[in-house]
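The values are calculated or read from the model by the stated rules, or taken from the named source; none is laboratory data. Note that the coordinates shown come from a computational prediction; the quantities given were computed from them, not determined experimentally. Here Cβ is always computed from backbone atoms with ideal geometry, including for glycine, and neighbour counts include all displayed protein chains.
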Amino acid sequence: MGAARAMPADQLPLPPPLPPAAAQLLDQARRAVAEAAGCSDPRRRYATAHLGALRGAAAVLAARTRPEPGRRRPRSAWVLLGQVAPELGEWATFFAAGAAKRAAAEAGLSRAVSEREADDLVRDVGAFLTVIESCLGEPFVPEPVRPARRPRVVGGSGAGGSGADGSGSGGSASRFPGPRNGR
């Protein structure tokens, strides 16, 4: 009695369960990156993705630290992340460098971020969350990205049959040149 049961050599111990606050922050981070991926405005896409990364960092801090008694001077989550999880130090430096750009994007500055910068950050935050979830023992299950709805264009003036252009669509193919032809 009282002896611990031996674990098979080929089986790894399960990681401790994630504290509820950390799990909630991780879920918020996942939703933020999914929301960012669906944003058409690059400023909003960048800011939302960056906030997702910040929530991911907060999840790590919630999982690995406990509040200290007494009031202390507030510190950057990115500085704390580098101290608490040195394996995430490069990520912390990367996202700390983007904080000013996020603030400019949130302020609505027209040239704060480009489309490419916003797209790159969404991908980087997705990779960061995957690393975080690996560190915390949580599998990453990305939410499906739903592209923005585009209005459906219905062409043609007849009820079918052959159009003037021979396409059978009442001539709509000649009005919509480019990638939509043939679909």
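Taking the criterion of being closer than 18 Å to T65 by Cα and either crowded, with 18+ Cβ neighbours inside 10 Å or touching a residue at least 12 places away in the same chain (Cβ under 8 Å) (or both), the residues of the range 82-96 that qualify are G82, V84, A85, E87, L88, A92.
Within the bounds of the range 42-58, is there any residue that is in contact (Cβ under 8 Å) with a residue 24 or more places away in the chain, surrounded by 15 or more Cβ atoms within 10 Å (Cβ to Cβ), closer than 21 Å to V131 by Cα and polar (S, T, N, Q)? No, because not a single residue in the range 42-58 is in contact (Cβ under 8 Å) with a residue 24 or more places away in the chain, surrounded by 15 or more Cβ atoms within 10 Å (Cβ to Cβ), closer than 21 Å to V131 by Cα and polar (S, T, N, Q).
Annotation note: of A99, A118, A107, A173, the sole residue that is at pLDDT 65 or above, crowded, with 18+ Cβ neighbours inside 10 Å and of a type outside the set (V, I, T) is A118.
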